[in-house]
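Inspection log for the structure reproduced underneath, given as structure tokens.
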Amino acid sequence: MKIGFFTDTYFPQVSGVATSIKTLKTELEKKGHEVYIFTTTDPNATGVEDDIIRMPSVPFVSFKDRRIVVRGMWYAYLIAKELELDLIHTHTEFGAGLLGKMVGKKLKIPVIHTYHTMYEDYLHYIAKGKVVRQSHVKYFSRLFANHTTGVVCPSERVIDTLRGYGVTSPMRVIPTGIELEKFERPDITSEMKKTVRNEMGIEDDEIMLLSLSRISYEKNIQAIIHGLPQVVSQLPKARLVIVGKGPYTEELKELVEELDLTDYVYFVGEVPNDEVALYYHAADYFVSASTSETQGLTYTEAMAAGTPLIVEGNDYLNNLIDDASFGVTFAKDEEFADALLDYIASGQKSDPMKLSNKLYEISATHFGEAMLDFYHDMIAYYANLSLEKETAPTMKKIKVKLYSFKRTSN
């Protein structure tokens, strides 16, 4: 099968969407399929890039580190036609996504879409929420999704939201898988973990809590910081390590000072991709109070590293963390401290067998298999729809003739 991915974000840009696309591309190619990336130009992309077609783009409003395709429809169509694509998979509702839909329509092939982002959580970035409103998101999302062959939803939250929007296209929940070997990392030794902890001033007998994400308001790291005074009052050796960068960093640092927590919180900043696993392994617990995730790859990455999770729950996470050996979820911000303290006090141990089964569920291998099943189902569905459209005029003529025959017979 030849598949074209249309996306506004791809490496060297780093994001959860770019990572999931790259993971899926790798898995599909392992199974003998050909995958081509139609994406934006990028000033940091250098050299020859195999299977990547870049189209003219500009920085996206309010997200300067993201870009959006502004032209190249005919160029993309000619290449897609020459490649003889069997299916298009869009990963954005904007520039490249719209382009992919147009190319798919012209080539008369199925267009699958993954709804990666819950835009309602990000409206405050665009003119402080005064221009684009929830009703606009609902209308545009419904319009886009209902003009695709089928929609991939990374979690139950996404599929429930789209149903609420009025989306009627076939939808399936397919959580994004991760490359387990990047996070299991048996090569990471106790000495390596000790070194990275010591670099942050964390001693062997201290408890390292890890927050790893983009530092933005909707990630709700402030809720973890607000709960920290209660934690350290009972566990003075608890330390919070915040890894990542983003627009809310300074506000969080001010909050830490305001709550007199400078001795308990360490800001690492952004770390290279190949070092992320080291922080998961060095940590005693992964913590998060984010409520903006459609899925959240950091949760599964921490799980693959064997780090227990204490996180604010939703339908996806409550299903993911379905055994105490994996961690625990809490219902609202104010419950974080109690949830963490109770979990630590429980002395819960890891269960290797249960973890092994869970890791297959979140693996890139399972992700690729589930996506291929959906592709095949949607190709068959598209063929049936096309056949119905082709035969509809003929059936209408037959019905008219039958009606006329009945009238003359009477």
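The values are calculated or read from the model by the stated rules, or taken from the named source; none is laboratory data. Treat the numbers as computed from the prediction; the structure is a model and nothing was measured. Backbone-built Cβ (ideal geometry, glycine too); neighbour counts: all protein chains shown. These accessible areas exclude ligands, DNA and RNA; they are computed on the full protein's heavy atoms, side chains included. Shrake-Rupley method; radii C 1.70, N 1.55, O 1.52, S 1.80 Å.
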Residues of segment 283-293 that turn out to be crowded, with 22+ Cβ neighbours inside 10 Å and of a type outside the set (Gly, Ala, Ser), as a count: 3
Residue 37 vs. criteria farther than 22 Å from residue 108 by Cα, β-branched (Val, Ile, Thr) and either open to solvent by less than 20 Å² (accessible area, probe 1.4 Å) or in a strand (DSSP E or B) (or both): no
Close pairs from segment 67-79: first at positive phi, partner outside any helix (DSSP H, G or I), Cβ under 8 Å, at least 6 apart: 72/55; 72/56
Residues of segment 272-296 classified as modelled with pLDDT under 95 and either assigned to a loop (DSSP other than H, G, I, E, B) or touching a strand residue (DSSP E or B) at 6+ places or on another chain (Cβ under 7 Å) (or both), total: 8
Residue, modelled with the highest pLDDT, within segment 198-248, restricted to residues that are under 15 Å from residue 277 (Cα atoms) and of a type in the set (S, T, N, Q): 211
Matching residues in segment 258-282 - criterion: being of a type outside the set (Asp, Glu), closer than 20 Å to residue 182 by Cβ, open to solvent by 10 Å² or more (accessible area, probe 1.4 Å) and in contact (Cβ under 8 Å) with a residue 24 or more places away in the chain: 268, 271, 273, 276, 278, 279, 281
Subset tally (residues that are out of contact with any Asp or Glu (no Cβ under 6 Å at 6 or more places or on another chain) and either open to solvent by 70 Å² or more (accessible area, probe 1.4 Å) or assigned to a loop (DSSP other than H, G, I, E, B) (or both)) for segment 320-345: 11
Residue in segment 375-392 that is acidic (Asp, Glu) and at pLDDT 95 or above present: yes
Test: residue in segment 175-197 that is touching a residue at least 12 places away in the same chain (Cβ under 8 Å), open to solvent by 80 Å² or more (accessible area, probe 1.4 Å), closer than 30 Å to residue 381 by Cα and polar (S, T, N, Q): no
Count of residues meeting criterion [farther than 19 Å from residue 298 by Cβ and either of a type in the set (Phe, Trp, Tyr) or surrounded by fewer than 20 Cβ atoms within 10 Å (Cβ to Cβ) (or both)] in segment 208-231: 3
Evaluation of residue 20 against (1) open to solvent by 50 Å² or more (accessible area, probe 1.4 Å); (2) not in a loop (DSSP other than H, G, I, E, B) (one fails), failing number: (1)
Residues (in contact with a strand residue (DSSP E or B) (Cβ under 8 Å, 6 or more places away or on another chain) and on the phi > 0 side of the Ramachandran plot) located in segment 251-271: 269
Enumeration of residues in segment 69-94 that are modelled with pLDDT under 90 and closer than 12 Å to residue 6 by Cβ: 69, 72, 73
Criterion violated by residue 210 - all others in (1) free of Cβ contacts under 8 Å to residues at least 60 places away in the same chain; (2) in contact with a strand residue (DSSP E or B) (Cβ under 6 Å, 6 or more places away or on another chain); (3) within 27 Å of residue 339 (Cα to Cα) satisfied: (1)
